[in-house]
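Computed from the coordinates by the stated procedures, all read-outs in this text should not be read as laboratory data. What you see is a predicted model, and the numbers here were worked out from it, not measured in a lab. Don't worry about glycine lacking a Cβ; one is built from the backbone with ideal geometry, like all the others, and counts go over all protein chains shown.
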Amino acid sequence: MTSRPARLESPLFQNAPHDKLKGLVLGPGPAGRCDDAKVGIGVPHWDATAQHWKLWYYCRDQAFSAQAPPSLGSGSIAMATSTDGITWQRTTGLMRGGAILEPSLDADDFDSLHVGLTDVKLHNDRYHMWTFGGNFGTAETKIGNLPGLRLRSGLVVSDDGLAWTRVRGPAEGGAMANIPDGSLYCSWPNALHTDGKIYLYTSRTDVNFSRWDTLIFTSCDGAKTWSAGQPIQWLDQSPGYDGAGELTRSIMPNPLPTGHRWLMAYTALDGSAQRLHRRSIALAVSDDALSWRRLYDKPVFEIEDETAWDGGGVAAPHLRRVGDEWRLYYYGFPKAQFDNALPKGVGLAVTKSADLRGFVRFSEG
């Protein structure tokens, strides 16, 4: 099988070796677009009315503010469409460089420096995009005193997936929740709309980036008010691949015959000295959306080649059933030493296994 040509149009990566791009389905775009430098997390959605796929993703262009955290790809949010969920056409939005959402113009807002997204849900016939962002306030961390790292979570809504309106939350800067004491951020949100509630899953870490944990907030009034955040509860012991915590996740009705209501695919951070903070993708199940049990003793998807475009980590999973196969859309990024030669972007892995194991990076046969 030969790897399908990646959607990689940025002049920064035209010399990237083709054999190192396996699984990449959307990389940085052409010069002058909002995504010509970096592409981050992508969230796919099948639009049954339009009979095509939508993909919302965050991105950064070469002219984006140098004050934004360099390790992140967040800046603006863009959109692409596809008939098959594999080959994507970039949509030209109404904002700079074709973006559909930019940082807030109000400097006091939580996302006035950069903005990204982690989840999109169609709820009550409206798209709910769960975003994160940072403003020009600084945070003292082990990598320096930097602006934009006090990340908070937010919400924007849309009727068509293209034009978005911010929903101001009750927390600082219009965010949905405040950053807990002792934490650097409360960010990377994912939502579950069920039983008349919104369950909002967010990630937190300390200024030393020692481990990551999930805080869950709930709202019964459509995101106007939120309960105090409570830590995710694990009903079993970590097998090690997530010994440093979990960072991003997505939750869906459980399609597996485990007897549990919910399935979570999540980014696991290894806690071992040899693989510290190495990212992989694992699965867990729950009945109440608050307490979880790991499904397998190994991740279902991992780094395959440390010299490839996703050799630095695989993260931010979104599972979709298409015909007789399961698709795993994910965010991949290269190891630091390849950062100038290989892109970050949206990847795709597939499996026909009924138990959601055996994912392989997409290639065209």
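Between I143 and D108, what is 0.36 nm times their sequence separation minus the Cα-Cα distance? Round to one decimal in nm. Kindly include the intermediate steps, with their values, before the conclusion.
Working: separation 35, 0.36 × 35 = 12.60 nm, distance 2.42 nm.
Taking I143 through D108 to full extension adds about 10.2 nm, to one decimal.
Quick check on packing: order 136-149, 89-102 by the mean number of other C-beta atoms within 10 Å, highest mean leading. Don't skip to the answer; put the middle values down first.
Numbers: 136-149: 15.1, 89-102: 18.3.
Highest mean packing first, the order is 89-102, 136-149.
Using the count of nearby Cβ atoms within 10 Å as a rough guide to exposure, how do H52, H318 rank from fewest to most?
Working: H52 15, H318 25.
The order, fewest Cβ neighbours first, is H52, H318.
Quick check: net charge around E102, other residues with Cβ under 14 Å of its Cβ, Lys/Arg +1 and Asp/Glu -1?
Charge balance in the 14 Å sphere: -1.
Using Cα centres only, tell me the gap between the stretch 274-334 and the stretch 68-110 in whole Å.
Their Cα centres are 24 Å away from one another.
Summing +1 for each Lys or Arg and -1 for each Asp or Glu, what net charge is found among the other residues whose Cβ lies under 13 Å from the Cβ of Y331?
Details: positive: K38, R249, R279, K344; negative: D119, D310.
Residues near Y331 contribute +2 overall.
Spin-label point model (7 Å from Cα, Cβ direction): what's the Q230 to L290 distance in nm?
Computed distance between label sites Q230 and L290 equals 0.2 nm.
Over the Cα atoms of the stretch 241-365, what radius of gyration and what Dmax do you get, in Å?
14.5, 46
Which far-off residues, 5 or more places away or on another chain, put their amide H under 5 Å from the one on G154, with H placed in the peptide plane?
The list, which skips near neighbours in sequence, is T131, F132, M176.
Given (i) 26.0, 81; (ii) 21.7, 75; (iii) 18.8, 52 as candidate values of Rg and Dmax of the Cα atoms in Å, which corresponds to the one derived from the coordinates?
Only one option fits the structure, namely (iii).
If you rank V285, V157, V346, V120 by fewest surrounding Cβ atoms within 10 Å, what's the result? Spell out each step's value before the answer.
Working: V285 18, V157 15, V346 27, V120 22.
Least to most surrounded, the residues fall as V157, V285, V120, V346.
Amide H to amide H, which residues 5 or more places from G347 or on other chains are under 5 Å from it, using H placed in the peptide plane?
Answer set, sorted by chain and number: V25, Y330, Y331, G332.
Determine the gain in length on full extension of the stretch Q62-D84; use 0.36 nm per residue of separation and subtract their C-alpha separation, reporting nm with one decimal.
Numbers: separation 22, 0.36 × 22 = 7.92 nm, distance 2.95 nm.
Stretched out fully, the Q62 to D84 stretch lengthens by 5.0 nm.
Starting with the fewest neighbours, write out S203, S74 ranked by other beta-carbon atoms found within 10 Å of each beta-carbon.
Taking fewest neighbouring Cβ atoms as first place, the list is S203, S74.
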